[in-house]
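Q: What follows is a structure written as C-alpha cells; I'll ask about it next.
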Amino acid sequence: MTEPLRLLIICLGNICRSPMAEGALRARLQASRPTRKILVDSAGTGGWHVGEPADLRTIATAARHGVDISDLRARQLCPADYTRFDWLLCADRNNLRDVLAAAPAGADARAHLLLPWAGVAGDSEIPDPYTGAVADFERVWHLVDAAATAIVARHGLVGVD
Ligand code: 4NP
C-alpha cells in the first residue's frame, strides 16, 4: 500500500462544519475497502472553543445520519499541521485565506476549498451554520457527506455498504 493520504479539514471554530466533515468522512471510510489509507483530522482557525465537544446541534445532526461525533474535541490549527498533513481542506474562502496567511515558511501542505477539492459539483463553500437553524446544519451535513462520498470514490476506495 502507498503512503497514507493525510487530510486536515478546517473551519472557523472546529465545532460545526469541520467536525461534521471529519465524522462523515470517517464513516464513509469505515464503510469502504481502502486501497489507500486516508487519515483525517479537523481543526479551527480560531481558538474560542478549544477543548470543547462539537456544538450540540452538530452532534445531533451527525447522529440523525447515524454518525457519533460526541468524542471529538475542538482544537486550533497550529504550525505543525502544515507539515503533518498533505492537504488543508477549508470550509469557506475566509478559512482558506486565514490558512494561507498563517502558513509557516517551508510548509509542505497544500490548502484548498474542501468541496471543489473533493470534486463536488455546485457549491464551493460550506456556509457557517453557527447562527443558523437546524435546516442550516442539515445542509452542512449534505455538503460534507457529498465531499466524503466523492473522496472515497476518487481515491480508489470501494464502498461496502
Ligand atoms: P464552525 O462554526 O466554523 O463551522 O465551527 C463556528 C463556530 C463558532 C464560531 C463561529 C463559527 N464562533 O464565532 O464562536
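Q: Provide a single number: the residues in the stretch 74-110 that are touching a Cys at 6+ places or on another chain (Cβ under 9 Å) and crowded, with 22+ Cβ neighbours inside 10 Å.
A: Residues in the stretch 74-110 being touching a Cys at 6+ places or on another chain (Cβ under 9 Å) and crowded, with 22+ Cβ neighbours inside 10 Å: 4 in total.
Q: So if I check each of 134, 152, 158, which one is β-branched (Val, Ile, Thr), open to solvent by 60 Å² or more (accessible area, probe 1.4 Å) and modelled with pLDDT under 95?
A: Going through 134, 152, 158 in turn, the sole match is 158.
Q: Please determine whether any residue of the stretch 45-64 is of a type in the set (Ser, Thr, Tyr), within 13 Å of the ligand (Cβ to nearest atom), out of contact with any Phe, Trp or Tyr (no Cβ under 7 Å at 6 or more places or on another chain) and farther than 23 Å from residue 133 by Cβ.
A: Scanning the stretch 45-64 turns up at least one residue that is of a type in the set (Ser, Thr, Tyr), within 13 Å of the ligand (Cβ to nearest atom), out of contact with any Phe, Trp or Tyr (no Cβ under 7 Å at 6 or more places or on another chain) and farther than 23 Å from residue 133 by Cβ.
Q: Is there any pair with a first residue in the stretch 71-91 that is free of Cβ contacts under 8 Å to residues at least 24 places away in the same chain and a second that is open to solvent by 40 Å² or more (accessible area, probe 1.4 Å) and of a type in the set (Asp, Glu) whose Cβ atoms are under 7 Å apart and which are 6 or more apart or on different chains, and what are they?
A: Cβ pairs passing all conditions: 73/52.
Q: Something else now. So the check is Cβ under 8 Å with 6+ separation or different chains; which pairs have a first residue in the stretch 15-28 that's farther than 20 Å from residue 46 by Cβ and without any contact (Cβ under 8 Å) to a residue 12 or more places away in the chain and a second one that's open to solvent by 10 Å² or more (accessible area, probe 1.4 Å) and away from the ligand (no atom under 11 Å from the Cβ)?
A: none
Q: While we're here: Scan the stretch 77-121 residue by residue and report those that are assigned to a helix (DSSP H, G or I) and more than 19 Å from residue 17 (Cβ to Cβ).
A: Initially, the stretch 77-121 is screened for residues assigned to a helix (DSSP H, G or I), giving 81-84, 93-101, 114-118.
Correct list: 82, 83, 84, 101.
Q: What pairs come out if I take residues in the stretch 43-67 that are of a type in the set (D, E, K, R) and pair them with residues that are part of a loop (DSSP other than H, G, I, E, B) whose C-beta lies under 7 Å away, six or more apart or interchain?
A: That search, which allows pairs on different chains as well, returns 52/15; 52/74; 55/15; 55/16.
Q: Looking at 39, 29, 12, 25 in this structure, which one is crowded, with 24+ Cβ neighbours inside 10 Å and either more than 18 Å from residue 54 (Cβ to Cβ) or within 16 Å of the ligand (Cβ to nearest atom) (or both)?
A: On inspection, the qualifying residue turns out to be 25.
The values are calculated or read from the model by the stated rules, or taken from the named source; none is laboratory data. The structure displayed is predicted, hence computed values, not measured ones. A quick note on method: Cβ atoms are made from the backbone with ideal geometry, for glycine too, and the neighbour counts reach across all protein chains shown. Protein only, heavy atoms only, side chains kept; ligands, DNA and RNA dropped before computing areas. Shrake-Rupley method; radii C 1.70, N 1.55, O 1.52, S 1.80 Å.
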